[in-house]
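Report on one structure; see the data block that follows.
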Ligand SMILES: [Zn+2]
C-alpha cells in the first residue's frame, strides 16, 4: 500500500459519498502492537485529516480509511477518541455508505469483474 494508492481510494470515495469539507489522508508509521493503533480522523484546516497507520497490512489500511472516512461523513460531534459514542448508529450508516461505495466502485474493478 502506498500513499498514492490510498489517495486514489479517497478520490473515488469523494465522488460517491462526498463530505461537507475536503479530506486529506496521511499515512504515518506507528507501532502496531501499541493499542492496536490503526488511525484517526480530526478536523483540520480547511477540512478533515485522516491518519492511517502505514505499518498495517494494505487491507487494514483501506479498512482504516473507510472507518475514518465514515467519521468525517457524520462530523461534527463524532470525535474519534475511542468513545463508544463515536460509533453510534449515525456513524454506522455513514460506514455502510462508505463501505458500499468502496465495494461497488473500487474493489469490484480491482477484481476485474
Ligand atoms: Zn472510529
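Just so it is clear, none of the values below were taken in a lab; they were calculated from the coordinates. Being a predicted model, the structure only gives us computed values, none of them experimental. Heads up, the Cβs are rebuilt from the backbone with ideal geometry, glycines too, and the neighbour counts pull from every protein chain shown.
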Checklist entry - What ranking do 25, 50, 17 get, fewest neighbouring Cβ atoms within 10 angstrom at the top? => result 17, 25, 50
Checklist entry - Simple spin-label model, 7 Å along Cα-to-Cβ: residue 20 to residue 5 in nm? => result 3.4 nm
Item to check | Cα principal axis extents for segment 3-110, largest first, Å | outcome: 34, 30, 26
Checklist outcome for this item: Note: residue 28 to residue 54 extended length (0.36 nm per residue) minus current alpha-carbon separation gives 8.8 nm
Checklist entry - Using 0.36 nm per residue, how much length does the chain from residue 42 to residue 12 gain when fully extended, once their Cα-Cα distance is taken away? => result 8.8 nm
Checklist outcome for this item: Counted neighbours (other Cβ, 10 Å), sorted fewest up, put 30, 48 in the order 30, 48
